[in-house]
1. For the stretch 61-107, name all the residues that are of a type in the set (S, T, N, Q), under 22 Å from residue 47 (Cβ atoms) and without any contact (Cβ under 8 Å) to a residue 40 or more places away in the chain.
2. I'd like to check something: does the stretch 287-301 contain any residue that is on the phi < 0 side of the Ramachandran plot, more than 25 Å from the chain's Cα centre (by Cα) and surrounded by 15 or more Cβ atoms within 10 Å (Cβ to Cβ)?
3. Scan 135, 114 and give me the residue that is under 23 Å from the mean Cα position of the chain (by Cα), of a type outside the set (Lys, Arg), part of a helix (DSSP H, G or I) and in the same structural domain as residue 73 (by TED's automatic domain parsing).
4. Would you check if there is a residue in the stretch 26-43 being surrounded by fewer than 23 Cβ atoms within 10 Å (Cβ to Cβ) and on the phi > 0 side of the Ramachandran plot?
5. Inside the stretch 77-102, can you point out the residues that are among the charged types (D, E, K, R) and outside any helix (DSSP H, G or I)?
6. Which one of these does residue 195 not meet: (1) surrounded by fewer than 16 Cβ atoms within 10 Å (Cβ to Cβ); (2) closer than 27 Å to residue 128 by Cα; (3) charged (D, E, K, R)?
7. Can residue 191 be described as touching a Ser or Thr at 6+ places or on another chain (Cβ under 6 Å), closer than 23 Å to residue 286 by Cα and outside the structural domain of residue 290 (by TED's automatic domain parsing)?
8. When the residues of the stretch 267-286 are narrowed to those that are more than 24 Å from residue 220 (Cα to Cα), more than 19 Å from the chain's Cα centre (by Cα) and among the aliphatic types (A, V, I, L, M), which ends up surrounded by the most Cβ atoms within 10 Å (Cβ to Cβ)?
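The values are calculated or read from the model by the stated rules, or taken from the named source; none is laboratory data. As the structure is a computational prediction, the values presented were derived from the model and not from experiment. Ideal geometry is used to build each Cβ from the backbone, glycine not excepted, and the neighbour counts take in all protein chains shown.
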Amino acid sequence: MKGQSALYTVVGIGATLICLLGVSWIGPAGGFLNLLTPLAAAYLGMRFGLRSSLVIVIVTSALLLQLATTYTLAAYLGVFGVGSLLLPFFLRQQRSWDRSVLYATAGSAVATALMILFTVLVSGVNLQTLIDQMLQSEVDQAMQVYRASGFSDDQLQNMQQVVDGLSDFIGKNFYGLYFASLLAIQSLCLLLLQRLKGQHYHIAGIAFSRWRLPPGLIWVLIVAGFFLLLPLEAVSLIGRNLLVVLLPLYFLQGMAVVNSFLQKKTYPPLVKGLIYFLLLILNPLPIIITCAGVFDLWIDFRRPRQKNI
């Protein structure tokens with residue numbers, strides 16, 4: 001068992017580096033690999049315990065000091081590293097999967113906040129200036145990848161406009177978007193852990209088809225919507241950041257409604273996967289699914305219906 005754990009740990013370190021730095025090596029397609037960065041550490045943490053995942057995070061961090069910048073190291077720890085330790089830690093304690101995801105997300109957010117606070121205190125840079133510098137670094141890296149991919153000058157100019165606009169949007173809603181991104185990464189990691197578990201470990205919690213958010217959270221959503229309408233920029237900012245976090249959660253609840261319906265059908269797995277994929281990418285389907293998640297509180301789409309005879 002120890003030999004197997006050691007071998008898997010070495011492979012996990014390599015896989016983590018490939019996923020993290022893949023965008024620099026294989027271009028824009030490597031961006032999808034970024035989302036898989038925490039999987040190796042989390043999976044080995046579930047199979048062999050916290051020590052294996054801790055080794056992956058520590059060794060990966062040490063290698064990043066040699067292969068990349070300090071910013072890349074901090075980004076790895078804040079976005080992926082801490083969460084890849086916390087998620088299996090809480091799951092192995094038989095905490096429900098939704099609470100484990102929430103705790104791992106909150107832990108990653110706290111770790112990021114502490115690193116940002118330390119940087120602000122040491123460098124004396126204003127917090128907003130630091131965020132702008134971080135975003136500009138991401139913009140520069142993205143454009144460097146696009147240039148290396150062989151795009152024409154006109155295409156690069158259009159890309160620059162799109163990336164600059166996206167950077168401006170992220171800058172105005174940074175806190176909510178960052179938390180929502182952490183939540184999405186941990187949710188994807190949980191989904192993959194569920195697929196890979198076999199007989200190796202157990203994930204506690206209610207079935208996704210019956211999962212729903214706490215009823216009281218709807219009032220936070222309503223208040224956030226009202227905040228968005230007020231002419232005060234500070235209040236509107238709070239409303240925007242709350243909505244950025246809450247709307248994806250209600251989208252997930254809408255997907256749980258869809259999952260409950262699909263479980264009653266005998267569609268092949270490939271067809272079900274295609275349905276989920278289309279619900280993610282085809283407008284206005286994500287909006288409709290989010291609305292279904294919101295109104296599920298009152299309508300209860302999953303309640304068994306009595307058939308009239």
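1. If the condition is that a residue be of a type in the set (S, T, N, Q), under 22 Å from residue 47 (Cβ atoms) and without any contact (Cβ under 8 Å) to a residue 40 or more places away in the chain, then 61, 93 are the ones that fit.
2. Taking the stretch 287-301 and keeping what is on the phi < 0 side of the Ramachandran plot, we get 287-299, 301.
In the following step, the residues that additionally are more than 25 Å from the chain's Cα centre (by Cα) were identified as 298-299, 301.
Within this subset, residues satisfying the condition of being surrounded by 15 or more Cβ atoms within 10 Å (Cβ to Cβ) are 301.
Scanning the stretch 287-301 turns up at least one residue that is on the phi < 0 side of the Ramachandran plot, more than 25 Å from the chain's Cα centre (by Cα) and surrounded by 15 or more Cβ atoms within 10 Å (Cβ to Cβ).
3. Values: 135 fails: in the same structural domain as residue 73 (by TED's automatic domain parsing).
Testing whether each residue is under 23 Å from the mean Cα position of the chain (by Cα), of a type outside the set (Lys, Arg), part of a helix (DSSP H, G or I) and in the same structural domain as residue 73 (by TED's automatic domain parsing) leaves just 114.
4. Yes, that holds for at least one residue.
5. Taking the stretch 77-102 as the starting set, the residues that turn out to be among the charged types (D, E, K, R) are 92, 95, 98-99.
95 - this is the single residue of the stretch 77-102 that is among the charged types (D, E, K, R) and outside any helix (DSSP H, G or I).
6. (2)
7. Numbers: touching a Ser or Thr at 6+ places or on another chain (Cβ under 6 Å): no; closer than 23 Å to residue 286 by Cα: yes; outside the structural domain of residue 290 (by TED's automatic domain parsing): yes.
So residue 191 does not fit the description; no.
8. Per the criteria, the residue is 275.
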